[in-house]
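The values are calculated or read from the model by the stated rules, or taken from the named source; none is laboratory data. The shown structure was predicted, so the numbers you read here are calculated from the model rather than taken from an experiment. Cβ sites come from the backbone with ideal geometry, for glycine too, and all protein chains shown count toward neighbours. Protein only, heavy atoms only, side chains kept; ligands, DNA and RNA dropped before computing areas. Shrake-Rupley method; radii C 1.70, N 1.55, O 1.52, S 1.80 Å.
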Amino acid sequence: MSIISLRELSPGQTAKVTKVGASGELGRRMRDMGLVPGTPIRVIGRAPLKDPVEIKLRGYNLTLRNNEADHITVEVED
């Protein structure tokens, strides 16, 4: 298992959220969207310039900018 930033995941990869490092309003918004430790996610795809990234979690798709994805640490099973 490896711990990386959500930004580093490739389309099709799955992982589990281990930490949301954002604080304040951004951190609260991410938690409200379901990005909490233990949540499994899957990368659906990326825009042509690699920003933003689309992920699937809790039965819905969510799009995050790379600067937001940098605050999310995930665990990838090798």
The stretch 52-71, residues that are touching a Leu at 6+ places or on another chain (Cβ under 9 Å), in contact (Cβ under 8 Å) with a residue 24 or more places away in the chain and open to solvent by 50 Å² or more (accessible area, probe 1.4 Å):
D70, H71
Can you say whether V74 is part of a strand (DSSP E or B), under 15 Å from T14 (Cα atoms) and in contact (Cβ under 8 Å) with a residue 60 or more places away in the chain, as far as the supplied structure shows?
yes
How do the pairs read when you match residues in the stretch 6-26 that are buried (at least 18 other Cβ atoms within 10 Å of the Cβ) and modelled with pLDDT of 90 or more with residues anywhere that are among the polar types (S, T, N, Q) and part of a helix (DSSP H, G or I), using Cβ under 8 Å and keeping only pairs 6 or more apart or on different chains?
R7/N66
Considering only residues of the stretch 34-51 that are assigned to a loop (DSSP other than H, G, I, E, B) and open to solvent by 50 Å² or more (accessible area, probe 1.4 Å), which is modelled with the highest pLDDT?
P37
Restricting attention to the stretch 20-34, which residues are more than 13 Å from the chain's Cα centre (by Cα) and among the aliphatic types (A, V, I, L, M)?
L26
